[in-house]
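Notes to accompany the following structure.
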């Protein structure tokens with residue numbers, strides 16, 4: 001029930017923020033337009049966010065014959081958990097990473113990179129796949145996708161409103177112009193902070209769920225340590241709207257410190273999994 005409440009709160013907050021921005025720039029008509037945009041983005045996020053995310057990273061579907069190592073692990077775990085078998089995809093990059101997407105357990109997909117298959121041993125790979133199935137079982141995948149899509153829409157409309165409305169008249173240059181400029185800066189940040197806070201809490205939850213499924217938290221902890229170290233040498237290039245999907249924070253071409261991180265620190269995740277400082281895994 002807590003997860004459902006958080007989801008409702010998140011979607012309501014983002015949608016109201018979008019409407020508020022529309023009201024600032026376009027009055028009642030702007031607010032109505034923003035509501036329409038919010039509805040459209042939620043519709044797209046619900047039905048197509050998984051396909052968009054997979055296409056963004058050129059993920060290709062694989063069968064049991066093509067990837068028996070991962071397929072057998074996922075099949076065994078889904079039978080244990082009691083959820084349907086998701087579709088499996090491989091992303092053509094040497095950077096080690098993985099993500100799950102889809103609107104519910106019946107329409108879920110799990111994607112792994114070529115790099116993660118080369119880097120991890122069987123127990124570590126099982127830990128990573130259990131983490132991703134934890135997202136599926138916890139129904140995080142739809143929530144994260146909708147949050148990302150609506151946050152993206154808030155960013156877009158705030159920029160659109162700043163450049164195309166509200167700052168042309170002389171009177172607006174003093175009051176409305178400053179307000180529009182503040183909205184341009186603050187609205188995307190507010191949307192991002194809500195999105196990231198939810199995403200980071202869910203990473204901890206998926207770690208715990210995945211470790212429970214396998215009964216081996218040390219395997220996932222070891223995988224996280226390897227992924228963190230290797231992904232720094234071979235970074236995964238990702239878009240801001242999809243970065244939170246991955247098990248390890250991908251590279252966005254910029255850094256704003258922990259405030260704008262889509263993931264909790266790896267050391268804290270390892271410590272929560274094992275009950276010991278991350279340095280003990282070295």
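Since every read-out is calculated from the coordinates, none of them should be taken as a lab result. Being a predicted model, the structure only gives us computed values, none of them experimental. Counting neighbours? That spans all protein chains shown, and the Cβs are built from the backbone with ideal geometry, glycine included.
Taking the alpha-carbon centroid of each part, what is the distance from segment 32-102 to segment 214-232 in angstrom?
A separation of 21 Å, based on Cα centres.
Quick check on packing: order 50-63, 110-123 by the mean number of other C-beta atoms within 10 Å, highest mean leading. Before the final figure, lay out each step's value.
Details: 50-63: 16.4, 110-123: 19.6.
Per-residue Cβ counts within 10 Å, averaged per peptide and sorted highest first, yield 110-123, 50-63.
If I stretch the segment between residue 234 and residue 106 completely, what's the gain in nm (0.36 nm per residue apart, minus their alpha carbon distance), one decimal? List each step's numbers first, then the result.
Values: separation 128, 0.36 × 128 = 46.08 nm, distance 3.32 nm.
Length difference between fully extended and current span is 42.8 nm.
With a ≥ b ≥ c taken as the square roots of the eigenvalues of the C-alpha gyration tensor of segment 66-123, please select rounded if a/c is under 1.5 and otherwise prolate if a/b is larger than b/c or oblate if it is not? Present the calculation step by step, with values, prior to reporting the outcome.
Details: a/c = 2.39, a/b = 1.45, b/c = 1.65.
Oblate.
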